[in-house]
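The values are calculated or read from the model by the stated rules, or taken from the named source; none is laboratory data. Everything numeric in this text was worked out from a predicted model, so none of it was measured. Cβ placement follows ideal geometry from the backbone for every residue including glycine, while neighbour counts extend to all protein chains displayed. The area values use the complete protein model at the heavy-atom level, side chains included, leaving out ligands, DNA and RNA. Shrake-Rupley method; radii C 1.70, N 1.55, O 1.52, S 1.80 Å.
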Amino acid sequence: MNFSEKLIIMECKMGKLRIGIIGSGGISACHTHGYSLLPNCQVVACCDINEAKAAAYAQNYNIPAYYTDYNEMLAKEKLDAVSVTTWNAAHMPASVAALNAGVNVLCEKPMAMNSAEAQLMADTAKKNNKLLQIGFVMRYNNTTEVMENLKRDGALGDIYYAKATYLRRNGCPGGWFGDKSYAGGGPLIDLGVHVMDIVRYLGGLPKPVSAYGATFNNLGRNRACNSIPTFGYERDNNAPSDCKYSVEDFATAMIRFDNGLVLSVEASFNLNIKEDVAYYELFGTKAGLKVGDTLEMYTQMNDYFVDVKPYALPKNDFTGAFNAEIAHFIDCVANGTKCKAPAEDGVILMKMIDAIYESAKTGHEVIIK
Ligand SMILES: NC(=O)c1ccc[n+]([C@@H]2O[C@H](COP(=O)([O-])OP(=O)(O)OC[C@H]3O[C@@H](n4cnc5c(N)ncnc54)[C@H](O)[C@@H]3O)[C@@H](O)[C@H]2O)c1
(Lines give C-alpha, C1' and ligand atoms only; values in the text may rest on other atoms or scores of the structure.)
Protein backbone atom coordinates (compact mmCIF):
# COMPACT_ATOMS: atom_id res chain seq x y z
CA MET A 1 0.00 0.00 0.00
CA ASN A 2 1.48 3.37 -0.97
CA PHE A 3 1.27 6.60 1.04
CA SER A 4 -1.74 8.09 -0.75
CA GLU A 5 -3.74 4.85 -0.38
CA LYS A 6 -2.98 4.87 3.37
CA LEU A 7 -4.12 8.50 3.55
CA ILE A 8 -7.41 7.62 1.82
CA ILE A 9 -8.11 4.83 4.32
CA MET A 10 -7.29 7.17 7.22
CA GLU A 11 -9.68 9.83 5.90
CA CYS A 12 -12.46 7.25 5.38
CA LYS A 13 -11.98 6.10 9.00
CA MET A 14 -12.18 9.72 10.20
CA GLY A 15 -15.69 9.77 8.75
CA LYS A 16 -15.33 12.64 6.28
CA LEU A 17 -17.13 12.08 3.01
CA ARG A 18 -14.70 12.12 0.07
CA ILE A 19 -15.93 14.39 -2.72
CA GLY A 20 -14.81 14.70 -6.35
CA ILE A 21 -15.57 17.42 -8.87
CA ILE A 22 -16.06 16.40 -12.53
CA GLY A 23 -15.68 19.50 -14.74
CA SER A 24 -13.57 22.26 -13.19
CA GLY A 25 -15.26 25.17 -14.94
CA GLY A 26 -17.24 28.24 -13.91
CA ILE A 27 -20.09 26.83 -11.82
CA SER A 28 -18.02 24.12 -10.16
CA ALA A 29 -16.56 26.88 -7.95
CA CYS A 30 -19.99 27.23 -6.30
CA HIS A 31 -20.00 23.48 -5.59
CA THR A 32 -16.46 23.41 -4.21
CA HIS A 33 -17.21 26.44 -2.04
CA GLY A 34 -20.42 24.81 -0.76
CA TYR A 35 -18.54 21.64 0.24
CA SER A 36 -15.80 23.69 1.94
CA LEU A 37 -18.39 25.06 4.40
CA LEU A 38 -19.36 21.60 5.65
CA PRO A 39 -17.41 19.87 8.43
CA ASN A 40 -18.27 16.31 7.34
CA CYS A 41 -16.87 16.31 3.81
CA GLN A 42 -13.78 17.24 1.85
CA VAL A 43 -13.16 17.77 -1.85
CA VAL A 44 -10.26 15.37 -2.39
CA ALA A 45 -10.02 15.35 -6.19
CA CYS A 46 -11.07 17.29 -9.25
CA CYS A 47 -11.12 16.40 -12.91
CA ASP A 48 -11.24 18.25 -16.21
CA ILE A 49 -10.39 17.13 -19.75
CA ASN A 50 -8.36 20.33 -19.92
CA GLU A 51 -5.33 19.40 -17.82
CA ALA A 52 -4.11 22.96 -17.24
CA LYS A 53 -7.55 23.88 -15.95
CA ALA A 54 -7.72 20.86 -13.63
CA ALA A 55 -4.23 21.56 -12.25
CA ALA A 56 -4.91 25.24 -11.66
CA TYR A 57 -8.25 24.41 -10.01
CA ALA A 58 -6.63 21.89 -7.65
CA GLN A 59 -4.02 24.46 -6.67
CA ASN A 60 -6.53 27.27 -6.27
CA TYR A 61 -8.86 25.30 -4.01
CA ASN A 62 -6.20 23.27 -2.23
CA ILE A 63 -7.49 19.97 -3.63
CA PRO A 64 -4.94 17.15 -3.15
CA ALA A 65 -5.36 15.39 -6.53
CA TYR A 66 -6.40 16.25 -10.07
CA TYR A 67 -7.22 14.09 -13.10
CA THR A 68 -8.08 14.46 -16.77
CA ASP A 69 -10.13 11.25 -16.87
CA TYR A 70 -13.04 10.78 -14.46
CA ASN A 71 -12.85 6.98 -14.78
CA GLU A 72 -9.32 7.08 -13.40
CA MET A 73 -10.42 9.43 -10.61
CA LEU A 74 -13.35 7.14 -9.73
CA ALA A 75 -11.09 4.07 -9.72
CA LYS A 76 -8.39 5.61 -7.52
CA GLU A 77 -10.08 7.97 -5.08
CA LYS A 78 -12.69 5.89 -3.21
CA LEU A 79 -15.15 8.76 -3.46
CA ASP A 80 -18.47 8.98 -1.64
CA ALA A 81 -19.93 11.62 -3.93
CA VAL A 82 -19.21 13.78 -6.98
CA SER A 83 -20.55 16.96 -8.47
CA VAL A 84 -20.96 16.70 -12.24
CA THR A 85 -20.38 20.22 -13.54
CA THR A 86 -19.28 19.55 -17.12
CA TRP A 87 -20.97 20.87 -20.24
CA ASN A 88 -24.33 19.22 -20.79
CA ALA A 89 -23.21 16.52 -23.25
CA ALA A 90 -20.99 14.95 -20.57
CA HIS A 91 -23.62 14.93 -17.78
CA MET A 92 -24.98 11.49 -18.69
CA PRO A 93 -21.70 9.61 -19.29
CA ALA A 94 -20.00 11.12 -16.23
CA SER A 95 -23.00 10.52 -13.93
CA VAL A 96 -23.49 6.95 -15.18
CA ALA A 97 -19.79 6.18 -14.66
CA ALA A 98 -19.89 7.58 -11.13
CA LEU A 99 -23.11 5.78 -10.18
CA ASN A 100 -21.77 2.49 -11.56
CA ALA A 101 -18.66 3.04 -9.44
CA GLY A 102 -20.94 3.24 -6.38
CA VAL A 103 -20.62 7.02 -5.99
CA ASN A 104 -23.50 9.42 -5.22
CA VAL A 105 -24.00 12.20 -7.77
CA LEU A 106 -25.12 15.81 -7.75
CA CYS A 107 -25.54 16.63 -11.44
CA GLU A 108 -25.95 20.21 -12.67
CA LYS A 109 -28.99 21.26 -14.67
CA PRO A 110 -30.07 20.49 -17.33
CA MET A 111 -29.96 16.86 -16.22
CA ALA A 112 -28.97 15.66 -19.70
CA MET A 113 -29.24 16.36 -23.42
CA ASN A 114 -32.69 14.71 -23.59
CA SER A 115 -35.09 12.51 -21.63
CA ALA A 116 -33.66 9.20 -22.91
CA GLU A 117 -30.29 10.08 -21.40
CA ALA A 118 -31.98 11.33 -18.23
CA GLN A 119 -33.94 8.08 -17.87
CA LEU A 120 -30.75 6.05 -18.24
CA MET A 121 -29.15 8.11 -15.46
CA ALA A 122 -32.14 7.63 -13.16
CA ASP A 123 -32.23 3.88 -13.87
CA THR A 124 -28.49 3.61 -13.17
CA ALA A 125 -28.91 5.37 -9.82
CA LYS A 126 -31.71 3.00 -8.89
CA LYS A 127 -29.79 -0.10 -10.01
CA ASN A 128 -26.81 0.90 -7.85
CA ASN A 129 -28.93 2.16 -4.95
CA LYS A 130 -27.13 5.52 -5.08
CA LEU A 131 -28.43 9.07 -4.90
CA LEU A 132 -28.70 11.13 -8.07
CA GLN A 133 -29.66 14.70 -7.18
CA ILE A 134 -30.29 17.30 -9.89
CA GLY A 135 -29.00 20.86 -9.56
CA PHE A 136 -32.35 22.64 -9.45
CA VAL A 137 -30.82 25.43 -7.40
CA MET A 138 -33.93 27.67 -7.37
CA ARG A 139 -35.53 25.14 -5.03
CA TYR A 140 -33.18 26.51 -2.32
CA ASN A 141 -33.96 30.23 -2.81
CA ASN A 142 -35.17 32.31 0.15
CA THR A 143 -38.37 33.08 -1.75
CA THR A 144 -39.03 29.37 -2.40
CA GLU A 145 -39.29 28.62 1.31
CA VAL A 146 -41.81 31.45 1.74
CA MET A 147 -43.76 30.22 -1.28
CA GLU A 148 -43.86 26.71 0.14
CA ASN A 149 -45.32 28.07 3.39
CA LEU A 150 -47.91 30.22 1.64
CA LYS A 151 -48.95 27.34 -0.57
CA ARG A 152 -49.13 24.85 2.27
CA ASP A 153 -51.47 27.15 4.16
CA GLY A 154 -53.70 27.55 1.10
CA ALA A 155 -53.01 31.28 0.62
CA LEU A 156 -53.08 30.94 -3.17
CA GLY A 157 -56.09 28.64 -3.48
CA ASP A 158 -55.91 26.36 -6.55
CA ILE A 159 -53.13 27.35 -8.93
CA TYR A 160 -54.43 27.05 -12.48
CA TYR A 161 -52.06 29.18 -14.55
CA ALA A 162 -48.35 30.00 -14.32
CA LYS A 163 -45.71 31.86 -16.29
CA ALA A 164 -42.02 31.01 -16.37
CA THR A 165 -39.95 33.79 -17.89
CA TYR A 166 -36.19 34.00 -18.43
CA LEU A 167 -35.38 36.53 -21.14
CA ARG A 168 -32.05 38.06 -22.10
CA ARG A 169 -31.65 40.79 -24.67
CA ASN A 170 -28.12 39.81 -25.61
CA GLY A 171 -27.11 36.91 -23.45
CA CYS A 172 -25.68 33.83 -25.11
CA PRO A 173 -22.75 32.78 -22.91
CA GLY A 174 -20.93 31.74 -26.11
CA GLY A 175 -18.67 28.74 -26.61
CA TRP A 176 -20.34 25.37 -26.02
CA PHE A 177 -23.55 27.02 -24.69
CA GLY A 178 -24.32 28.06 -28.29
CA ASP A 179 -23.58 24.64 -29.80
CA LYS A 180 -26.40 22.10 -29.88
CA SER A 181 -24.08 19.10 -29.86
CA TYR A 182 -22.56 20.18 -26.52
CA ALA A 183 -25.57 21.93 -24.95
CA GLY A 184 -28.58 20.03 -26.35
CA GLY A 185 -30.32 23.32 -27.11
CA GLY A 186 -30.29 27.03 -26.32
CA PRO A 187 -32.04 29.23 -23.76
CA LEU A 188 -34.88 26.75 -23.22
CA ILE A 189 -32.60 23.99 -21.93
CA ASP A 190 -30.14 26.39 -20.29
CA LEU A 191 -32.35 29.06 -18.66
CA GLY A 192 -35.92 27.82 -19.12
CA VAL A 193 -35.23 24.68 -17.03
CA HIS A 194 -34.74 26.81 -13.89
CA VAL A 195 -38.09 28.58 -14.02
CA MET A 196 -40.01 25.62 -15.48
CA ASP A 197 -38.79 23.42 -12.66
CA ILE A 198 -39.63 25.84 -9.87
CA VAL A 199 -43.17 26.30 -11.19
CA ARG A 200 -43.71 22.53 -11.36
CA TYR A 201 -42.16 22.12 -7.89
CA LEU A 202 -44.38 24.77 -6.29
CA GLY A 203 -47.36 23.58 -8.32
CA GLY A 204 -47.18 20.27 -6.42
CA LEU A 205 -45.14 18.28 -8.97
CA PRO A 206 -47.99 17.57 -11.41
CA LYS A 207 -47.40 15.31 -14.41
CA PRO A 208 -47.04 17.18 -17.73
CA VAL A 209 -49.42 15.83 -20.38
CA SER A 210 -48.76 17.93 -23.49
CA ALA A 211 -46.71 20.79 -24.90
CA TYR A 212 -47.04 23.22 -27.77
CA GLY A 213 -43.89 25.16 -28.50
CA ALA A 214 -42.03 27.34 -30.99
CA THR A 215 -38.35 28.19 -31.28
CA PHE A 216 -36.63 30.84 -33.37
CA ASN A 217 -33.14 31.49 -34.55
CA ASN A 218 -33.47 34.90 -36.15
CA LEU A 219 -30.96 37.13 -34.40
CA GLY A 220 -27.70 35.19 -34.29
CA ARG A 221 -24.97 35.99 -31.83
CA ASN A 222 -22.96 38.96 -32.97
CA ARG A 223 -25.49 41.71 -32.39
CA ALA A 224 -25.09 45.42 -31.85
CA CYS A 225 -21.31 45.27 -31.71
CA ASN A 226 -21.03 49.02 -31.11
CA SER A 227 -23.04 48.81 -27.90
CA ILE A 228 -21.38 48.74 -24.55
CA PRO A 229 -21.46 46.18 -23.10
CA THR A 230 -21.57 44.13 -26.28
CA PHE A 231 -21.70 40.59 -24.93
CA GLY A 232 -22.47 40.83 -21.25
CA TYR A 233 -22.76 37.09 -20.70
CA GLU A 234 -20.04 35.88 -23.03
CA ARG A 235 -16.95 34.66 -21.29
CA ASP A 236 -13.86 32.61 -21.84
CA ASN A 237 -14.99 29.10 -20.98
CA ASN A 238 -12.19 27.35 -22.90
CA ALA A 239 -14.81 25.93 -25.20
CA PRO A 240 -13.78 23.33 -27.75
CA SER A 241 -12.63 24.94 -31.00
CA ASP A 242 -15.28 23.16 -33.09
CA CYS A 243 -18.21 24.98 -31.41
CA LYS A 244 -20.67 26.50 -33.86
CA TYR A 245 -23.63 28.71 -32.97
CA SER A 246 -26.49 26.30 -33.67
CA VAL A 247 -29.11 26.79 -30.92
CA GLU A 248 -32.36 28.74 -30.78
CA ASP A 249 -32.32 32.44 -29.78
CA PHE A 250 -35.78 32.27 -28.28
CA ALA A 251 -38.28 29.61 -27.23
CA THR A 252 -41.88 29.87 -26.14
CA ALA A 253 -44.30 27.12 -25.08
CA MET A 254 -47.53 26.16 -23.38
CA ILE A 255 -47.51 23.07 -21.19
CA ARG A 256 -50.56 21.34 -19.75
CA PHE A 257 -50.40 19.28 -16.55
CA ASP A 258 -52.66 16.51 -15.32
CA ASN A 259 -54.00 18.66 -12.44
CA GLY A 260 -55.31 21.30 -14.87
CA LEU A 261 -52.36 23.70 -14.44
CA VAL A 262 -51.23 25.43 -17.64
CA LEU A 263 -47.71 26.86 -17.83
CA SER A 264 -46.53 29.45 -20.32
CA VAL A 265 -42.74 29.53 -20.81
CA GLU A 266 -40.50 32.08 -22.50
CA ALA A 267 -36.70 31.91 -22.65
CA SER A 268 -34.18 33.81 -24.76
CA PHE A 269 -30.49 34.37 -25.27
CA ASN A 270 -31.30 37.11 -27.79
CA LEU A 271 -34.52 39.07 -28.06
CA ASN A 272 -35.41 42.67 -28.87
CA ILE A 273 -36.73 43.55 -25.41
CA LYS A 274 -35.91 46.50 -23.11
CA GLU A 275 -34.03 44.61 -20.42
CA ASP A 276 -33.22 41.14 -19.11
CA VAL A 277 -35.86 39.58 -16.87
CA ALA A 278 -36.08 36.34 -14.88
CA TYR A 279 -39.17 35.55 -12.82
CA TYR A 280 -42.13 33.24 -12.46
CA GLU A 281 -45.77 33.95 -11.73
CA LEU A 282 -48.40 31.70 -10.19
CA PHE A 283 -52.08 32.52 -10.51
CA GLY A 284 -54.43 30.88 -8.01
CA THR A 285 -58.10 31.17 -7.14
CA LYS A 286 -57.30 33.15 -3.95
CA ALA A 287 -54.12 35.04 -4.91
CA GLY A 288 -51.43 35.50 -7.52
CA LEU A 289 -47.70 35.85 -7.04
CA LYS A 290 -44.74 37.20 -8.91
CA VAL A 291 -41.31 35.98 -7.83
CA GLY A 292 -38.04 37.36 -9.13
CA ASP A 293 -35.35 38.40 -6.68
CA THR A 294 -38.19 39.14 -4.28
CA LEU A 295 -41.79 38.08 -3.92
CA GLU A 296 -45.09 39.98 -4.25
CA MET A 297 -48.59 38.61 -3.77
CA TYR A 298 -51.77 40.02 -5.33
CA THR A 299 -55.06 39.30 -3.59
CA GLN A 300 -58.03 40.98 -1.95
CA MET A 301 -58.88 41.87 1.63
CA ASN A 302 -62.09 43.39 3.02
CA ASP A 303 -63.23 43.91 -0.57
CA TYR A 304 -60.05 45.81 -1.53
CA PHE A 305 -57.39 44.62 -3.93
CA VAL A 306 -54.11 44.48 -2.05
CA ASP A 307 -50.47 43.86 -3.01
CA VAL A 308 -48.55 42.06 -0.26
CA LYS A 309 -44.79 41.89 0.24
CA PRO A 310 -43.23 39.80 3.02
CA TYR A 311 -41.53 42.12 5.50
CA ALA A 312 -37.72 42.05 5.51
CA LEU A 313 -37.46 38.91 3.38
CA PRO A 314 -33.84 38.69 2.26
CA LYS A 315 -33.42 38.84 -1.54
CA ASN A 316 -32.58 35.60 -3.29
CA ASP A 317 -28.87 35.08 -3.01
CA PHE A 318 -27.11 33.03 -5.71
CA THR A 319 -24.27 31.78 -3.49
CA GLY A 320 -26.59 31.15 -0.53
CA ALA A 321 -28.85 28.97 -2.68
CA PHE A 322 -25.86 26.92 -3.88
CA ASN A 323 -24.59 26.49 -0.33
CA ALA A 324 -28.03 25.24 0.73
CA GLU A 325 -28.19 22.89 -2.27
CA ILE A 326 -24.78 21.35 -1.48
CA ALA A 327 -25.61 21.09 2.25
CA HIS A 328 -28.83 19.27 1.35
CA PHE A 329 -26.96 16.87 -0.96
CA ILE A 330 -24.46 16.02 1.77
CA ASP A 331 -27.26 15.65 4.32
CA CYS A 332 -28.96 13.15 1.98
CA VAL A 333 -25.72 11.20 1.43
CA ALA A 334 -24.62 11.24 5.08
CA ASN A 335 -27.98 10.82 6.82
CA GLY A 336 -30.31 9.36 4.22
CA THR A 337 -32.53 12.48 4.27
CA LYS A 338 -35.18 12.46 1.53
CA CYS A 339 -33.84 14.25 -1.54
CA LYS A 340 -35.61 17.48 -2.47
CA ALA A 341 -34.52 17.38 -6.14
CA PRO A 342 -34.46 13.71 -7.16
CA ALA A 343 -33.59 12.25 -10.56
CA GLU A 344 -37.28 11.53 -11.30
CA ASP A 345 -37.99 15.28 -11.40
CA GLY A 346 -35.07 15.78 -13.78
CA VAL A 347 -36.43 13.10 -16.13
CA ILE A 348 -39.87 14.76 -16.18
CA LEU A 349 -38.33 18.16 -16.88
CA MET A 350 -36.34 16.67 -19.78
CA LYS A 351 -39.57 15.17 -21.16
CA MET A 352 -41.09 18.66 -21.13
CA ILE A 353 -38.05 20.07 -22.95
CA ASP A 354 -38.06 17.24 -25.53
CA ALA A 355 -41.77 17.82 -26.20
CA ILE A 356 -41.27 21.56 -26.71
CA TYR A 357 -38.42 21.03 -29.19
CA GLU A 358 -40.45 18.33 -30.98
CA SER A 359 -43.50 20.59 -31.17
CA ALA A 360 -41.36 23.45 -32.49
CA LYS A 361 -40.14 21.12 -35.25
CA THR A 362 -43.52 19.69 -36.25
CA GLY A 363 -45.74 22.70 -35.54
CA HIS A 364 -48.13 20.49 -33.55
CA GLU A 365 -48.97 19.82 -29.93
CA VAL A 366 -46.94 16.92 -28.54
CA ILE A 367 -48.36 14.44 -26.03
CA ILE A 368 -46.00 13.75 -23.10
CA LYS A 369 -46.01 10.14 -21.86
N1 LIG B 1 -27.28 26.03 -11.60
C2 LIG B 1 -26.89 27.13 -12.22
O3 LIG B 1 -27.32 28.23 -11.92
C4 LIG B 1 -25.84 27.01 -13.29
C5 LIG B 1 -25.11 28.14 -13.69
C6 LIG B 1 -24.15 27.97 -14.67
C7 LIG B 1 -23.95 26.73 -15.26
N8 LIG B 1 -24.70 25.66 -14.88
C9 LIG B 1 -24.52 24.33 -15.51
O10 LIG B 1 -23.26 23.83 -15.09
C11 LIG B 1 -22.63 23.11 -16.15
C12 LIG B 1 -21.24 23.71 -16.39
O13 LIG B 1 -21.38 25.07 -16.77
P14 LIG B 1 -20.13 26.07 -16.64
O15 LIG B 1 -20.68 27.42 -16.83
O16 LIG B 1 -19.37 25.77 -15.43
O17 LIG B 1 -19.30 25.62 -17.93
P18 LIG B 1 -17.72 25.71 -18.16
O19 LIG B 1 -17.50 25.62 -19.62
O20 LIG B 1 -17.16 26.87 -17.41
O21 LIG B 1 -17.18 24.39 -17.44
C22 LIG B 1 -17.42 23.10 -17.94
C23 LIG B 1 -16.13 22.30 -17.78
O24 LIG B 1 -16.41 20.92 -18.02
C25 LIG B 1 -15.23 20.36 -18.60
N26 LIG B 1 -15.55 19.08 -19.20
C27 LIG B 1 -16.26 18.81 -20.32
N28 LIG B 1 -16.35 17.50 -20.54
C29 LIG B 1 -15.68 16.91 -19.51
C30 LIG B 1 -15.41 15.54 -19.17
N31 LIG B 1 -15.83 14.53 -19.93
N32 LIG B 1 -14.67 15.30 -18.06
C33 LIG B 1 -14.21 16.31 -17.28
N34 LIG B 1 -14.42 17.62 -17.57
C35 LIG B 1 -15.17 17.91 -18.67
C36 LIG B 1 -14.78 21.44 -19.59
O37 LIG B 1 -13.44 21.27 -20.00
C38 LIG B 1 -15.04 22.70 -18.78
O39 LIG B 1 -13.87 23.09 -18.05
C40 LIG B 1 -23.57 23.21 -17.33
O41 LIG B 1 -24.36 22.05 -17.40
C42 LIG B 1 -24.45 24.42 -17.02
O43 LIG B 1 -25.74 24.32 -17.58
C44 LIG B 1 -25.62 25.78 -13.90
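Residues in region 322-347 that are buried (at least 20 other Cβ atoms within 10 Å of the Cβ) and aliphatic (A, V, I, L, M): ALA324, ILE326, ILE330, VAL333, ALA341, ALA343, VAL347.
Considering only residues that are surrounded by fewer than 20 Cβ atoms within 10 Å (Cβ to Cβ) and polar (S, T, N, Q), look in region 101-132 and name the one that is nearest to the ligand (Cβ to nearest atom). Here the residue is ASN114.
Among the residues of this structure, GLY203 counts as one that is within 19 Å of the chain's Cα centre (by Cα), away from the ligand (no atom under 16 Å from the Cβ) and modelled with pLDDT of 90 or more.
Of everything in region 177-203 that is in contact with a helix residue (DSSP H, G or I) (Cβ under 8 Å, 6 or more places away or on another chain) and assigned to a loop (DSSP other than H, G, I, E, B), the residue that is surrounded by the most Cβ atoms within 10 Å (Cβ to Cβ) is GLY186.
Matching residues to (1) more than 24 Å from MET111 (Cβ to Cβ); (2) in contact with a helix residue (DSSP H, G or I) (Cβ under 7 Å, 6 or more places away or on another chain); (3) among the charged types (D, E, K, R):
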site	(1), (2), (3)
LEU37	yes, yes, no
ASP48	no, yes, yes
LYS53	no, no, yes
TYR57	no, no, no
TYR61	yes, yes, no
LEU74	no, yes, no
LEU79	no, no, no
MET92	no, yes, no
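For region 42-74, which positions are part of a helix (DSSP H, G or I) and either among the aromatic types (Phe, Trp, Tyr) or open to solvent by 80 Å² or more (accessible area, probe 1.4 Å) (or both)? Across region 42-74, the qualifying residues are GLU51, TYR57, GLN59, ASN60, TYR70, ASN71. Would you check if there is a residue in region 86-98 being within 16 Å of the ligand (Cβ to nearest atom), under 22 Å from the mean Cα position of the chain (by Cα), within 24 Å of GLY174 (Cα to Cα) and in a loop (DSSP other than H, G, I, E, B)? Checked against the condition, which is being within 16 Å of the ligand (Cβ to nearest atom), under 22 Å from the mean Cα position of the chain (by Cα), within 24 Å of GLY174 (Cα to Cα) and in a loop (DSSP other than H, G, I, E, B), region 86-98 yields at least one hit.
Here's the yes/no breakdown for (1) surrounded by 17 or more Cβ atoms within 10 Å (Cβ to Cβ); (2) at pLDDT below 90:
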position: ARG221; (1), (2): no, yes
position: VAL247; (1), (2): yes, no
position: PHE269; (1), (2): yes, no
position: VAL277; (1), (2): no, no
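Considering region 142-170 alone, what residues qualify as being within 19 Å of PHE322 (Cβ to Cβ) and modelled with pLDDT of 95 or more? Result: TYR166, single match.
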